[in-house]
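Each remark here refers to the structure printed beneath this line.
Just so it is clear, none of the values below were taken in a lab; they were calculated from the coordinates. Keep in mind that what you see is a predicted model, and the values were worked out from it rather than measured. Counting neighbours? That spans all protein chains shown, and the Cβs are built from the backbone with ideal geometry, glycine included.
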Amino acid sequence: MLIALANQDGSFTSTFFSPWSVIESLKSADDFVEFFQFNFPDAYQLMGEESLRYSFDHQPRGSLMQVTAFPYHSPNGRALIIGDAAHSMVPFYGQGMNCGFEDVRVLMELIDSNNHDVKACFKQYSQDRHQDLLTICKLALDNYYEMSSKVTSPLYLFRKKIDYFLGKYASGRFLTWIPMYSMISFRGDIGYSDAVKIEKRQLRILNNIQNGTLGALAIFTAVKVAQYWHKLKN
């Protein structure tokens, strides 16, 4: 997968993600250029051969990792790990730092609510926070597969348009629709695991809308074809 993030000066910073077996198979700059010509021809035209050769020779190669732990507190209740020490995640949801800040907020709220009984709040933190942390680590990993393979699917893009439309206009008394990305990135009042539960309910509605729309389109097309065929016969 190749992604490009915009910079303030109008340029882009690109990052190439792949299994180590692919990276290790690219032994030279020639291999790298040929790989891009075959797999990313549009990006190759924009970046150019010289830039690719420079990147191969000078840009660093790094590995991605995910860390999960439980419990987060020590047996004697005197220590607690938070942030990346407890739940480092792959970067595909952009929540690593945000999640660490949220750890601090949750911890401080527990300290205040437990009258500064640190041992009690450390234990409660492990219990209360665990499911949310497992959830965001999984979401970050799942988003890699979404970004790398689903975004070129017409059906996926169609569903995203419906999701966006409902998120923008469905805020009435009987239905409040919040896209998954908005819940994760912009709604600190919705926990990661709660966002997944809400998304599952919304997906059922989205599936019904999608199937109904495609079904209606299929019927309309069949009727038009039948009418056209009838005219040809007459």
Original post:
Arg129: net charge of surrounding residues, Cβ under 12 Å, Lys/Arg +1, Asp/Glu -1, itself excluded?
Top reply: -3
**OP:** Can you find, among Tyr169, Trp20, Gly83, the residue farthest towards the positive end of the dipole of the chain? Put +1 on the C-beta of Lys and Arg, -1 on that of Asp and Glu.
**Re:** Tyr169
Original post:
Using the 10 angstrom Cβ neighbour count as an exposure proxy, how do Thr13, Thr135 rank, fewest first?
Top reply: Thr13, Thr135
Subject >> Where the Cα pairs of region 1-76 fall when distances are cut into 5 Å bins, in % >> reply: 3, 12, 21, 23, 13, 7, 6, 4, 5, 4, 2, 1
**OP:** Could you please state, rounded to a whole Å, how far the C-alpha centre of region 116-138 is from the C-alpha centre of region 8-25?
**Re:** 35 Å
Original post:
When only Cα pairs under 8 Å and 6 or more residues apart are kept, what is the percent relative contact order across region 154-233?
Top reply: 21 percent
Original post:
Say we join alpha carbon atoms closer than 10 Å with springs in a Gaussian network model of the chain; which of Ala120, Ala140, Ala222 then has the biggest fluctuation?
Top reply: Ala222
Subject >> FRET efficiency, Ala222 to Thr152 (Cβ-Cβ, R0 22 Å, nearest 0.05) >> reply: 0.20
Subject >> Distance violations [Cα-Cα > 28 Å] among Lys150/Lys224; Lys150/Lys200; Lys160/Lys231; Lys168/Lys200 >> reply: Lys150/Lys224; Lys160/Lys231
Original post:
Expressed in nm to one decimal, what extension gain is obtained for the pair Asn98 and Leu2 from 0.36 nm per residue of sequence separation less their Cα-Cα distance?
Top reply: 32.2 nm
**OP:** Quote the convex hull volume per residue of the chain, based on C-alpha atoms, as a whole number of Å³.
**Re:** 222 Å³
Original post:
Seen from all sides and averaged, what is the projected area of the convex hull of the Cα atoms in region 84-150, in nm²?
Top reply: 4.4 nm²
Subject >> Gaussian network model of the chain, springs between alpha carbon atoms under 10 Å - residue of Cys121, Cys137, Cys99 with greatest fluctuation >> reply: Cys121
Subject >> Cα-centred dipole magnitude for the chain, charges only on beta-carbon of K, R (+1) and D, E (-1), debye, nearest 20 >> reply: 1480 debye
Subject >> Positive-end extreme of charge dipole, the chain - chosen from Val33, Val118, Tyr156 (charges on Cβ) >> reply: Tyr156
Subject >> Highest-MSF residue in the chain out of Lys27, Lys150, Lys123 [GNM, Cα springs under 10 Å] >> reply: Lys27
Subject >> Exposure proxy ranking, count of Cβ atoms within 10 Å, fewest first, for Trp177, Trp229 >> reply: Trp229, Trp177
Original post:
Mean shadow of region 125-234, computed from the convex hull of its alpha carbons, in nm²?
Top reply: 9.8 nm²
Subject >> Footprinting exposure proxy for Phe38, Phe16 (fewest neighbouring C-beta atoms within 10 Å first) >> reply: Phe38, Phe16
Subject >> Partners for Lys138 among aspartates and glutamates (Cα-Cα distance below 19 Å; same-chain residues under 8 apart left out) >> reply: Asp84, Glu102, Asp103, Asp128, Glu146, Asp194, Glu199
